[in-house]
């Protein structure tokens, strides 16, 4: 198995997220440090090591991300209200290939297109479904990226739904949930209504590389 294939496996969930939102690969960084960061690792089948780093925003989407979101919303018969760049997931693989030391990596943006979707009528069912499935979801996620993060007091980080449940997001889709620390989750929760509201900052383009490692 090639190094590139290994890193593709490490970023498989992130790739799904890109389809759910309006994300893309990002290369290089500028700006202020991310609001928070998490690092986890798992052993690869060949004995190498896969490390996942999540950098947390939120940041205003770049012009390219906004354009993709606008096209996505229009294709569904909706108008774009805003776009939130929630996080970046960076994957790094180190191991051996053809008996030589080798490395590979990549970085993907996790974004959400706030189309003018109506709120759903089955919100309670979606929340209850997540509550029932979250323990098994965490175990599966941990097998791919490393132990689900916890607070210093041992409490699990919240699972944030990228496409929010209130507007029809899937409760347990592998690419629709990422672990988020409590303070960042509060910011996400507070900003989502603003993203869906007309004329807000989330419709204004931000930089292509909004943070530093």
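The values are calculated or read from the model by the stated rules, or taken from the named source; none is laboratory data. Note that the coordinates shown come from a computational prediction; the quantities given were computed from them, not determined experimentally. Virtual Cβ from ideal backbone geometry, glycine too; neighbours counted across all protein chains shown.
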**Message:** I want to confirm something. Restricting to region 148-181 and keeping residues that are at pLDDT below 95 and part of a helix (DSSP H, G or I), which single residue is surrounded by the most Cβ atoms within 10 Å (Cβ to Cβ)?
**Reply:** 175
**Filtered residues of region 71-103 (kept if buried (at least 24 other Cβ atoms within 10 Å of the Cβ) and touching a helix residue (DSSP H, G or I) at 6+ places or on another chain (Cβ under 6 Å))** = 82, 83, 84, 89, 93
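Any idea how many residues of region 62-107 are at pLDDT below 90 and either in contact with a strand residue (DSSP E or B) (Cβ under 6 Å, 6 or more places away or on another chain) or in a strand (DSSP E or B) (or both)?
Filtering region 62-107 down to residues at pLDDT below 90 leaves 91-107.
So of that shortlist, the ones also either in contact with a strand residue (DSSP E or B) (Cβ under 6 Å, 6 or more places away or on another chain) or in a strand (DSSP E or B) (or both) come out as 91-97, 100-107.
The qualifying residues number 15.
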**Message:** Suppose the filter is in contact (Cβ under 8 Å) with a residue 60 or more places away in the chain and under 17 Å from the mean Cα position of the chain (by Cα); does residue 194 pass it?
**Reply:** no
